[in-house]
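Take a look at the structure below.
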Amino acid sequence: MKVFLTGAAGFIGANLLARLANRGDEVVGFDNINDYYDVRLKYGRLKENGFAGPFAEGEVKYSTKWSSARFVKGDLCDKGSLDRLFAEEGFDVVVNLAAQAGVRYSITNPYSYLHSNLEGFLNILEACRNHPVRHLVFASSSSVYGLNTKVPFSEDDKADSQVSLYGVTKKSNELMAHSYSKLYGIPATGLRFFTVYGPWGRPDMSPMLFATAISKGEPIKVFNGGDMIRDFTYVDDIVEGTIRVIDNPPAGGGDASVPFEVYNIGCSNPVKLMDFISEIETALGTEARKEFLPMQAGDVYQTYADCSKLETRLGYHPSTTLHEGIGQFIAWFKSEKNPLR
């Protein structure tokens, strides 16, 4: 199977590329390697997968770890280059993980979200329409649930009260993909990722922020006085669930007239923020200095995934405990592999 994987230098994307290549799939990774956060992490992830820089726009790099894996630096908003790549390669599956990430960043830099998350995704949809694929899998987010107070969050719940532009763009991606599935018969599946953590995680997310500050003896910022709940999910579990989805495109037969599906993908075991911090303190062997602050704009009190649909249909069962996951994250954080240490 030939897979086009966007966001291949990202946290989930780099881990997914490794899993796909390990099982023998032909993978073409794609990323613009932007500087939203420290690019040393992105280069480090690419190096872990056998791709050595520098990376010129449009240049193909071959992995030194897998003969079936390649990487191309490019921008989804470059429609012409994207169309040429689809025409030349004839992909079977597209996994679109590329996006401008970050809830808080969307408040101060809204236009970058319209550019990457809407225009870029439209170009993916058009490429899939003009060069048909067996399955389009794309990243959505738990942010689509916004102000929903009913927990756990179910795919059947209304999702029309987002509290950040980031969440709005992710809900828009779902609507865009559904319309293309209806109009052109493109089998498409959206994955509503909940809070993902683990080695090589993003530096703007709480695990890296907390571990970095604690290691330097600096205070950590604890919002809403610490009264927050998150459905933290270890990256290996996320990748396993994504693989299961890739291999099972929606059929769209019978009562389902549109070959389209959306799944929650999380841990279904929400954790209090203070308990999460305690696990990091234990793993580092250092107590954090805490600066308690009010809730930030764009944040929500809790996230909690109902993953029963993914579990029932595809056998998804996250298996990594918070204690195990934090232990593995901190081991990487303290190791030579961490380019930011």
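What tally of residues in the range 39-49 results from selecting those that are surrounded by fewer than 19 Cβ atoms within 10 Å (Cβ to Cβ) and in contact (Cβ under 8 Å) with a residue 12 or more places away in the chain?
Applying the first criterion (surrounded by fewer than 19 Cβ atoms within 10 Å (Cβ to Cβ)) to the range 39-49 yields 39-40, 43-44, 47-48.
Now drop any that are not in contact (Cβ under 8 Å) with a residue 12 or more places away in the chain, which leaves 40, 43-44, 48.
The number of residues fulfilling the criteria is 4.
List pairs: first in the range 140-157 and β-branched (Val, Ile, Thr), second in a loop (DSSP other than H, G, I, E, B), Cβ under 6 Å, 6+ apart or cross-chain?
144/159; 151/304
Only residues that are of a type in the set (D, E, K, R) and not in a helix (DSSP H, G or I): list them for the range 143-170, please. Before the answer, list the steps.
Within the range 143-170, the subset of a type in the set (D, E, K, R) is 150, 155-158, 160, 170.
Once the filter is applied, which keeps residues that are of a type in the set (D, E, K, R) and not in a helix (DSSP H, G or I), the range 143-170 yields 150, 155, 156, 157, 158, 160.
Need pairs with beta-carbon distance below 6 Å; first residue part of a helix (DSSP H, G or I) and within the range 1-26, second charged (D, E, K, R); sequence gap 6+ or separate chains.
11/202; 14/45
Check 45, 23 and return the single one that is at pLDDT 95 or above, among the basic types (Lys, Arg) and closer than 16 Å to residue 204 by Cβ. Give the derivation first.
Working: 23 fails: closer than 16 Å to residue 204 by Cβ.
Criteria check complete, one pass: 45.
Filtering the range 308-331 down to residues that are hydroxyl-bearing (Ser, Thr, Tyr) and in a helix (DSSP H, G or I), which residue is nearest to the chain's Cα centre (by Cα)?
Filtering first and then ranking leaves 308.
Mind checking whether some residue in the range 226-235 is more than 30 Å from residue 19 (Cβ to Cβ) and not hydrophobic (A, V, I, L, M, F, W, C)?
Step one: list which residues in the range 226-235 are more than 30 Å from residue 19 (Cβ to Cβ), which gives 226-228.
Subsequent filtering for residues that are not hydrophobic (A, V, I, L, M, F, W, C) retains 226-227.
Yes, there is a match, as at least one residue in the range 226-235 is more than 30 Å from residue 19 (Cβ to Cβ) and not hydrophobic (A, V, I, L, M, F, W, C).
Which of the residues that make up the range 113-139 are under 16 Å from residue 80 (Cα atoms) and small (Gly, Ala, Ser)?
Passing the criteria: 116, 120, 127.
Starting from residues that are touching a Lys or Arg at 6+ places or on another chain (Cβ under 9 Å) and crowded, with 20+ Cβ neighbours inside 10 Å, keep the ones in the range 198-209 and report whichever is farthest from residue 273 (Cα to Cα). Write out each step before concluding.
In the first step, residues of the range 198-209 are kept if they are touching a Lys or Arg at 6+ places or on another chain (Cβ under 9 Å); the result is 199-200, 204, 206, 208-209.
In the following step, the residues that additionally are crowded, with 20+ Cβ neighbours inside 10 Å were identified as 199-200, 206, 208.
On the way: 199: 19, 200: 21, 206: 10, 208: 14 Å.
Ranking the candidates gives 200 first.
Consider residue 303 carefully, then state whether it is at pLDDT below 95, closer than 30 Å to residue 182 by Cβ and either more than 17 Å from the chain's Cα centre (by Cα) or buried (at least 20 other Cβ atoms within 10 Å of the Cβ) (or both). So that I can check it myself, show each step before the final result.
Numbers: at pLDDT below 95: yes; closer than 30 Å to residue 182 by Cβ: yes; either more than 17 Å from the chain's Cα centre (by Cα) or buried (at least 20 other Cβ atoms within 10 Å of the Cβ) (or both): yes.
Yes; evaluated as a whole, the condition is true for this residue.
Pull up the range 89-122, narrow it to residues that are more than 19 Å from the chain's Cα centre (by Cα) and farther than 19 Å from residue 164 by Cα, then point me to the one that is surrounded by the most Cβ atoms within 10 Å (Cβ to Cβ).
In this case the residue turns out to be 91.
Of the conditions (1) modelled with pLDDT under 95; (2) buried (at least 19 other Cβ atoms within 10 Å of the Cβ), residue 226 satisfies every one except a single condition; which number is it?
It fails just one condition, (2).
Without any contact (Cβ under 8 Å) to a residue 40 or more places away in the chain, assigned to a helix (DSSP H, G or I), surrounded by 14 or more Cβ atoms within 10 Å (Cβ to Cβ) and not acidic (Asp, Glu) - does that describe any residue in the range 56-73?
Let us first name the residues in the range 56-73 that are without any contact (Cβ under 8 Å) to a residue 40 or more places away in the chain, namely 56-62, 64, 67.
Going one step further and asking which of them are assigned to a helix (DSSP H, G or I), we end up with none.
No, there is no match, as no residue in the range 56-73 is without any contact (Cβ under 8 Å) to a residue 40 or more places away in the chain, assigned to a helix (DSSP H, G or I), surrounded by 14 or more Cβ atoms within 10 Å (Cβ to Cβ) and not acidic (Asp, Glu).
Modelled with pLDDT of 95 or more, under 13 Å from residue 10 (Cα atoms) and among the hydrophobic types (A, V, I, L, M, F, W, C): which single residue out of 98, 87, 56, 69 fits that description?
Numbers: 87 fails: under 13 Å from residue 10 (Cα atoms); 56 fails: under 13 Å from residue 10 (Cα atoms); 69 fails: under 13 Å from residue 10 (Cα atoms).
On inspection, the qualifying residue turns out to be 98.
Filter the range 52-71 down to the residues that are out of contact with any helix residue (DSSP H, G or I) (no Cβ under 7 Å at 6 or more places or on another chain) and within 20 Å of residue 124 (Cα to Cα) and list them by number.
57, 59, 60, 70
Of the residues 337, 309, only one is within 17 Å of residue 142 (Cα to Cα) and surrounded by fewer than 18 Cβ atoms within 10 Å (Cβ to Cβ); which?
Details: 337 fails: within 17 Å of residue 142 (Cα to Cα).
Unique residue meeting the criteria: 309.
For residue 285, only one of the following conditions fails: (1) surrounded by fewer than 20 Cβ atoms within 10 Å (Cβ to Cβ); (2) small (Gly, Ala, Ser); (3) touching a residue at least 60 places away in the same chain (Cβ under 8 Å). What is its number?
(3)
This table checks each residue for (1) assigned to a helix (DSSP H, G or I); (2) of a type outside the set (D, E, K, R); (3) in contact (Cβ under 8 Å) with a residue 24 or more places away in the chain.
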residue	(1), (2), (3)
80	yes, yes, no
83	yes, no, yes
95	no, yes, yes
99	no, yes, yes
103	no, yes, yes
113	yes, yes, yes
117	yes, yes, yes
122	yes, yes, yes
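The values are calculated or read from the model by the stated rules, or taken from the named source; none is laboratory data. Keep in mind the model is a prediction, meaning the values are calculated, not measured. As a convention, Cβ positions derive from the backbone with ideal geometry for all residues, glycine included, and neighbour counts pool all protein chains shown.
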